[in-house]
1. Mind checking the log10 I(q)/I(0) for the stretch 66-206 at q = 0.11 Å⁻¹? Debye, one equal scatterer per Cα, no solvent, two decimals.
2. List every residue whose amide H lies under 5 Å from the amide H of residue 105, counting only residues 5 or more places away in sequence or on a different chain, with H placed 1.01 Å from N in the peptide plane.
3. Taking only C-alpha pairs under 8 Å that are 6+ residues apart, what is the relative contact order of the stretch 2-132 in percent?
4. Please list 3J(HN,Hα) in residue order for the stretch 91-103, calculated via the Karplus relation 6.51 cos²θ - 1.76 cosθ + 1.60 where θ = phi - 60°; whole Hz, with x for glycine and proline.
5. Can you bin the stretch 131-238 into rounded, prolate or oblate? Criterion: square roots of the alpha carbon gyration tensor eigenvalues sorted a ≥ b ≥ c, rounded for a/c under 1.5, prolate for a/b above b/c, oblate for the rest.
6. Relative contact order for the stretch 160-268: what percent, with Cα pairs under 8 Å and sequence separation of 6 or more?
7. Could you give the Stokes-Einstein D for the stretch 1-124 in µm² per second, using the C-alpha Kirkwood radius, 10 °C, 1.306 mPa s?
8. Pairs of Cα atoms under 8 Å, at least six residues apart: use those to get the relative contact order of the chain, whole percent.
Amino acid sequence: MSVQDTAPAKMFQNAEAYERIMGRWSRRLAPPLIRFGGLSDGDRVLDVGCGTGSLSFALPDFANVAAITGVDLAQGYVEFARTRNTDPRITFQQADACNLPFEDKSFDRAFSMLVLHFIPDSVRAVSEMRRIVRPGGMVAAAVWDEYGGLPHFRMLADTAAVLDPSVERRLFLPLNAPDEMASLWRELGMLNVEQTSLLIRMEFSCFDDYWRPFTRGEGPPGQLVASLSESTRATLQEHMRRAYIANRPDGPRSFACVAWACRGIVPQ
């Protein structure tokens with residue numbers, strides 16, 4: 001395990017908790033990211049930061065790929081993905097995004113979904129993706145627009161910061177700003193670089209469905225809630241209930257959520 005990736009490794013440990021707080025939504029984001037990044041029959045694909053396997057499992061729906069390798073630093077996530085896998089073309093292994101254990105030009109495409117903004121040395125991680133993709137192949141990735149594109153989390157973070165001034169609102173992470181991904185892709189020499197926004201809807205059946213995943217301690221929202229005192233956490237829960245319900249009976253709610261996505265071709 002490298003120094004670069006120890007921070008996200010500590011933040012993401014419980015695969016079941018991740019499925020509730022983000023996995024169910026990453027499955028919705030995977031198809032538009034794949035359509036944006038492109039895919040062809042016979043491709044060898046690397047999924048960097050595969051988590052519980054949302055993107056890896058979606059790839060065969062778009063093309064008759066030759067092989068898919070998913071890598072993640074969290075061994076628990078890798079094991080969880082393995083238990084769900086029934087496709088012999090898909091394999092999962094533990095690996096550091098900043099030191100990928102593959103030869104140069106080993107893959108036709110590399111995807112990364114919702115992980116680069118958590119890696120302290122995101123430049124190194126994207127450089128590694130470029131290294132392992134053959135000339136003419138594609139490097140594509142997506143990260144949440146945490147400042148303006150995650151309203152269900154933003155209202156949690158803003159309210160918690162009012163209740164407890166020590167709370168840091170981590171709304172700008174690496175590659176979160178407009179055109180930041182595209183600038184990095186170009187700096188690394190990739191061609192035909194394009195950055196865009198991908199929109200999905202996160203839908204909850206009731207307030208409990210919205211709130212309970214935050215209480216499991218997984219990811220930034222879970223760690224934020226866990227860091228609060230018991231009394232502050234109870235007050236936050238009541239404020240979140242009122243914000244979620246918004247003067248209507250408890251029940252289904254839908255939030256429009258936006259990710260930044262970028263793609264570029266590895267030069268000859």
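1. Cα-only, vacuum Debye calculation for the stretch 66-206: -0.52.
2. 132, 133
3. Computed value for the stretch 2-132: 30 percent relative contact order.
4. The phi angles translate into 10, 10, 8, 7, 6, 8, 4, 8, 8, 5, x, 9, 5 Hz.
5. prolate
6. 44 percent
7. Estimated via Stokes-Einstein, D reaches 110 µm²/s.
8. Averaging sequence separation for qualifying contacts and normalising by length gives 22 percent for the chain.
The values are calculated or read from the model by the stated rules, or taken from the named source; none is laboratory data. None of these values were measured; they are calculated from a predicted model. Cβ sites come from the backbone with ideal geometry, for glycine too, and all protein chains shown count toward neighbours. We work out accessible area using only protein heavy atoms, side chains counted, and drop any ligands, DNA or RNA first. Shrake-Rupley method; radii C 1.70, N 1.55, O 1.52, S 1.80 Å.
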